[in-house]
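**Student:** Structure below; questions to follow.
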Amino acid sequence: MDHRIPLPPTPILETARLILRPLQDHDVPAIQRIFPQWEVVKHLNAAVPWPYPDDGAATNMAMCLDQRAKGEKFFWAITLKDDDELRGRIDLWPGDAQVRDSRGFWLDPRLHGQGLMTEAADAVTDYAFRILGWPELWLSNAQENIGSHRIKEKQGAELVDVTPGIYVGGPGVRETWVLRREVWLARTASPSKSQS
């Protein structure tokens, strides 16, 4: 796969209940407040510092904004339509059979179980396939992360590998998936309304 760098600027994506907008410096306090919860981090890659440092969100934000400025990744703040406060994050970047990862996300645990993460993932997936024309997305999750697993199943991704993984919560099993453009387009017959 062509790595398509630099990527275009991060667009605003809209769903029935969410606005996905580019991540901004002013999101640091919300991230520092929401992110360092065990329910958020336990299934994330062990590279995430834990316990989360007081400057963790600011340090990560500087890295994200640098990657975005270089056109390497998209970073969206997940916000509810009735306010602009960050409630989670979803990222997208070019992946291939070697990188085997193209998307990551997390959401405030108080909003779990409402289908919001699926809504956000669908908007970003649709953008990757309909607007960018990417042929596939490589996706991964800790096997114990049932919510992330279910989102991939609902989207039509194919589980292609199960390997050892190391997470903030300790050793585990990493599931690797591929979601192909033709499968996504067949599952979503009508044109997307998520781009603005």
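**Student:** Can you tally the lysine pairs in the chain where the Cα-Cα distance is under 22 Å and the two residues are eight or more apart, or on different chains? All intermediate terms of the calculation are to be shown ahead of the outcome.
**Tutor:** Values: Lys42/Lys152; Lys73/Lys152; Lys81/Lys193; Lys152/Lys193; Lys154/Lys193.
Step by step, the pairs that qualify in the chain add up to 5.
**Student:** Could you give the dipole magnitude of the stretch 113-196 about its Cα centre, charging the beta-carbon of Lys and Arg +1 and that of Asp and Glu -1, in debye to the nearest 20?
**Tutor:** Roughly 200 debye, rounded to the nearest 20.
**Student:** Average the reciprocal distances over every distinct pair of alpha-carbons in the stretch 115-196, invert the result, and give the Kirkwood radius in Å. It would help to have the intermediate numbers written out before the result.
**Tutor:** Details: mean 1/r = 0.0744 Å⁻¹.
Final number for the Kirkwood radius of the stretch 115-196 is 13.4 Å.
**Student:** So which GluC sites (Glu not before Pro) in the stretch 86-150 pass both tests, a DSSP loop state and at most 16 other Cβ atoms within 10 Å of the Cβ?
**Tutor:** Hits after loop and neighbour filter: Glu144.
**Student:** Tell me the label-point distance for the pair Leu80, Thr188, using the 7 Å Cα-to-Cβ offset, in nm and rounded to one decimal.
**Tutor:** For the pair Leu80/Thr188, the computed spacing is 2.4 nm.
**Student:** Same structure, new question: First select every other residue whose beta carbon is under 9 angstrom from the beta carbon of Leu92; then total the charges, Lys and Arg +1, Asp and Glu -1.
**Tutor:** It works out to a net charge of +1.
**Student:** Also: Using the Karplus equation 6.51 cos²θ - 1.76 cosθ + 1.60 (θ = phi - 60°), what ³J(HN,Hα) coupling, rounded to whole Hz, does each residue of the stretch 72-87 give in order, writing x for Gly and Pro?
**Tutor:** Couplings: 8, 8, 9, 10, 10, 7, 8, 10, 7, 5, 8, 7, 9, 6, 4, 10 Hz.
**Student:** Can you tell me the length gained on complete extension of the stretch Ala69 to Ile131, counting 0.36 nm per residue apart and subtracting the Cα distance?
**Tutor:** Contour length minus Cα-Cα distance gives 20.3 nm.
**Student:** Roughly speaking, to the nearest percent, how much of the stretch 99-141's 1.4 Å accessible area is carbon and sulfur? Don't skip to the end; give the middle numbers.
**Tutor:** Working: 720 of 1400 Å².
The computed percentage sits at 51.
**Student:** Over the stretch 7-121, average the accessible area per residue using a 1.4 Å probe and give it in Å², no decimals.
**Tutor:** On the way: 5300 Å² over 115 residues.
On a per-residue basis, the stretch 7-121 sits at 46 Å².
**Student:** Show that you can apply the helix-only estimate: for the chain, add -39,500 (n - 2.57) for every DSSP H stretch of four or more residues, divide by all residues, and state [θ] at 222 nm to the nearest 500.
**Tutor:** Helix contribution divided over all residues of the chain: -7500 deg cm²/dmol.
**Student:** Would any residue of the stretch 4-39 have its amide N under 18 Å from a label point 7 Å out along Cα→Cβ of Arg110? List them or say none.
**Tutor:** 18-19, 27-39
**Student:** Here's another thing I want to ask about it. So, in nm, how far is label Gln98 from label Asp54 when the simple model puts each one 7 Å beyond its Cα toward the Cβ?
**Tutor:** 4.2
**Student:** If you keep only loop residues by DSSP, which trypsin sites (Lys or Arg not before Pro) in the stretch 84-151 have at most 10 other Cβ atoms within 10 Å of their Cβ? Present the calculation step by step, with values, prior to reporting the outcome.
**Tutor:** Working: sites: Arg87, Arg89, Arg100, Arg103, Arg110, Arg130, Arg150; in loops: Arg100.
Sparse-neighbourhood loop trypsin sites (Lys or Arg not before Pro): none present.
**Student:** With an 8 Å Cα cut-off and a minimum separation of 6 or more residues, compute the relative contact order for the chain in percent.
**Tutor:** About 25 percent, as a whole number.
The values are calculated or read from the model by the stated rules, or taken from the named source; none is laboratory data. Since this is a predicted model, take the numbers as computed values, not measurements. FYI the Cβ positions are ideal-geometry reconstructions off the backbone, even for glycines, and counts take in every protein chain you see. What goes into the accessible areas is simple: the full protein's heavy atoms, side chains included, and nothing from ligands, DNA or RNA. Shrake-Rupley method; radii C 1.70, N 1.55, O 1.52, S 1.80 Å.
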